[in-house]
Structure formats: C-alpha cells, structure tokens
Amino acid sequence: MESFRRIALVEDDEDLARSTAQLLRLAGFEVEHFPAATPALAAVSVDWPGVVVTDVRMPHVSGTELFRQLHERDPELPVILVTGHGDIEMAVQMLKAGAWDFLTKPFAPDALIAAVNRAATARALTLENRRLRTLAQAGDAPVFLGESPAIRRLREMIPVLANADIDLFIEGETGTGKDLLARLIHRSGKRARQRFLPLACAGMPETLAEPLFTGAGHAEPGLAAAHRGTLYLDDIDRAPAHLQERLLPFVEQRALRRRDEAMPIDVRVISTSQTAAEGPPPALLPPLFYRLAAMRLSVPPLRERREDIAPLFARFAGDAASRSGRDLPPVTAAVRTMLERHDWPGNVRELANFAEQFALGLGESSPTPSPSAAKGLTERVDAFEREEIVAAVLAANGEIGAAIRALDLPRKTFYYKVNKHGIDLAALRQKG
C-alpha cells in the first residue's frame, strides 16, 4: 500500500526547512526536503502520492514557476505556496490558476497541518479514482478478480483442476463467488463442450427431486443431461434428506436406474456449501460428503481479503457504466470510506449491487448495515479501534513509529491495544 502522507518540502532556508519538516513529521507525515525547485521537479512525478509545500521566493526557479511546471505535468497535484505579505496578490492569482492553498509567513503550525491534511486527503481520492478507472477499463483483467493470496491460489488452480476428474467441494459464505469458480473450472477443461447442469439443492421438494433420477416428465433424462459434463450441486449442505439419500448411490456408482438397468453416467460433480467445518456440514450425510469432497476448496469472505474490494468494485462499476452508456463518476470520500470500512456480509454480490448503484449515479447509496451494527457498544468500539490501527500501520508502509504518530497515541497505549485486539504487526509490516 502506498502512503499518501508524503510531503515534498521545497525551501531554500535551511533553518526554516528543518523546523517545518519537524512539525510535519510530528503530525505523521513523511517529509522529503528539497533546497531548490530543480531537484523537486526531478523527484515529483505524475501520480506522486503526496503534497508539495513550496516557498515562493527562491533563487533561479521560483515557487510559482515550480507550481506552473508541476501543474502542467499533473493538474490535480496539490501545491501549497508559502508567501510573504507582499506576495498575497500573486498567491491569489496562483489559486485561480489551480494552486491548492497558500500560507503567509509567519504561519501558525495548526494552519499548515490543517492545509496539508486536506490536501493529502484530496490527493488520496484523486489517485484512487485514477487507479479504479484504470482497473475498470482493463479489458484483459482475469474473470476471477482479486490479488489476495487466497484468490491468487484459487485462480492458479483453475487450469489444473479443470482437467482433473475429481469431485470438488467448494465452501464459502453466500455471495463469495462459489458459482463463478465452479463455472470457470468447467469452462477451462475438457468438459467445457458438454453441459454444466446446476441443481439448487436447498429445500428441493421430493416431487421435483424424483424425476431427476428417473427422467419422468422431462425431455432430457434428468441427471443424465450432465453426461460427459459437470453436475453442480449448489448448497448441498441445505439439501433435504430425501435428496441426499437419492444422490448417495448416484455419486457412488455414477449410474442411473432405467427400467431395472444401470445407465452409466460420465459426470464430474462440483458441490458447494455455505458452512465450513473440520468434517461434514451438520445437515449433510457423512457418506455423501466424503464422496463429494475428493478435494475441498474455500473462497474467503470479502472482509478477510479487503485488498480485493477495490479491484472488484472497479470492474463492477466499469461494467455497469458501459452497459448504461454513462461515464464512470468519481469516487467520493463517502464511497471510499464505505469500501474500506464496511464488512460486506453479502460479499461479492452485495459489492456488485453497490457498484451498480454508484455507476448509475444513485447518490451515496449504502449497502445493508453489516452485522457489527447489532453488536454491543464495547464490541463496536473494539472493532473500530482494531480497524484504525491496522489501517494506520498499512498506510505507514509498516513503519510503526509513523503509525503511532498518525494515531496520536502514546507508545505504551498503542502496544496495549495491539495485544488486546490480537493484531499481527509482523504480518502488517510484510503487507506494508
């Protein structure tokens, strides 16, 4: 994760530069000092993740000329000008030309910190919008999106599993993408030309289940339609007992009974379950489970792979905007906060709905409140503290000192809360 709390401080007065840099560092910013405009121009590139604070009166290249060149390079880069009283009229002209703000010497420390904080927040939103637009326009992005380790592993396994004739048992909460994973495995292998036959197992009445095994009343002979293809048993953990009892001999023998004769069926079975446990789900017959679960796969919920939320949101929003013939609107602070903080109990499906609303410009629509809303005050405070600490450490690229300064916590308090909430700082440093 790239930190947006970086400051390029351009100041030729060494003493003033030293004191200003110290003030900004105490406020949690990472400061790079440049004694002149020329080295600053060489270092600050397009998409530079931070803010520029520059003196106006400098030898050779002035602060106003530095601003003009930076603005031409990246019109959305926040540049804060520091001026003397005699330069106020000129500073106002620079504001009209696109400068972020100006401060007059001597400036109050709080005024500088407030201006830089506002500029850093705006810069973060700008770069996030650029990144999301790039992702949304990427036509060659993988269908099973995500860069978290768990999703990368699943994506890498798709071509391997596609041609392996073993039954798969995919576990994951509702809306995590189990159906998509199953279909990708089917489409990527030797069975792709044959049928992918989905069967919604949850609560299926016996009157609908029986024809699947006998073919009665169907143009195609029930489960035989999946011959040489894939049978997809969705929510097998919620299948009624009568369906499980009929599936067990079918899965064991790979055959249907027709007029007292066995009809062999060449079929690969992929099953899904919303519950994950050490052994069989509570409502699933153990013999059926062990037949179906030759290999178990797990699709984690979005709250456990938060790095995947932005790419998924970008793809869904981009697709929705294309379908409706609209331009993708900018990501606001409220939307960004929702993406970062919401638990997404409906997982990818809920995120897709939210992205659709966003792309259609339907205001600051919010997803259904997460289950944390039903928690007691203590649990909600603990969850908030944990999220803030994790976010601060990641934003500081794993630098604990910078995270402590950003949180404005005493060091002892910081480590007490880290231990209290079970936060793995080593893992966060690695991510940072």
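The numbers here are math on the coordinates, done by the rules we state, and not lab data. Computed from a predicted model, the values in this text were never measured in an experiment. Every residue, glycine as well, gets a Cβ built from its backbone with ideal geometry; the counts of neighbours run over all protein chains shown.
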Roughly how many nanometres apart are two label points built 7 Å out from the Cα toward the Cβ at ARG411 and GLU147? 3.3
Students often check this: by mean Cβ neighbours within 10 Å, which of 77-84, 343-350, 419-426 ranks highest, and how do the rest follow? 77-84, 343-350, 419-426
Quickly rank 409-416, 318-325 as a protection proxy: mean count of other C-beta atoms within 10 Å, highest first. 318-325, 409-416
Let me know the whole percent of all Cα-Cα pairs from the chain that are separated by more than 43 Å. 32
Non-local residues with an amide H under 5 Å from the amide H of ILE170, with H modelled 1.01 Å from N and Pro and chain starts lacking one, are SER271, THR272, SER273, LEU297
Using alpha carbon centers only, segment 34-86 is separated from segment 223-257 by a whole-angstrom value of 68
Tilt, helix 411-420 to longest principal axis of the chain (alpha-carbon atoms), in degrees rounded to tens, equals 10
Let's test the formula: R0 of 22 Å, r as the Cβ-Cβ distance of ASN117 and HIS71. What FRET efficiency results, to the nearest 0.05? 0.55
C-alpha center-to-center spacing [segment 397-424, segment 306-326] in angstrom: 34
Go ahead and run the numbers for FRET between THR214 and THR174, Cβ-Cβ distance against an R0 of 35 Å, rounding to 0.05. 0.65
Starting from 0.36 nm per residue, how many nanometres of slack lie between ARG258 and SER19 once their C-alpha separation is accounted for? 77.2 nm
Any idea what angle helix 88-97 forms with the longest principal axis of the chain, computed on alpha-carbon atoms, 0 to 90 degrees, nearest 10? 30
Let me make sure I get this right: for segment 149-299, a, b and c are the square roots of the gyration tensor eigenvalues over alpha carbons, sorted descending. Under 1.5 in a/c it's rounded, otherwise prolate if a/b > b/c, else oblate. Which is it? oblate
Listed peptides 239-251, 261-273 by packing density, highest first (mean Cβ within 10 Å): 261-273, 239-251
Compute the long axis of helix 149-162 from its Cα atoms, compare it with the longest principal axis of the Cα atoms of the chain, and write down the angle in degrees, 0 to 90, nearest 10. 40
3J(HN,Hα) from dihedral phi, segment 48-56, Karplus parametrisation 6.51/-1.76/1.60, rounded to Hz, x for glycine, proline: 5, x, x, 10, 10, 10, 9, 5, 7
If I build a Gaussian network model for the chain, linking alpha-carbon pairs within less than 10 angstrom, which residue out of THR207, THR275, THR38 has the largest mean-square fluctuation? THR207
Mind jotting down the distance between the C-alpha centroids of segment 276-300 and segment 115-129, whole Å? 47
The answer for PHE196, listing residues at least 5 apart or on another chain whose modeled amide H is closer than 5 Å to its amide H, is THR230
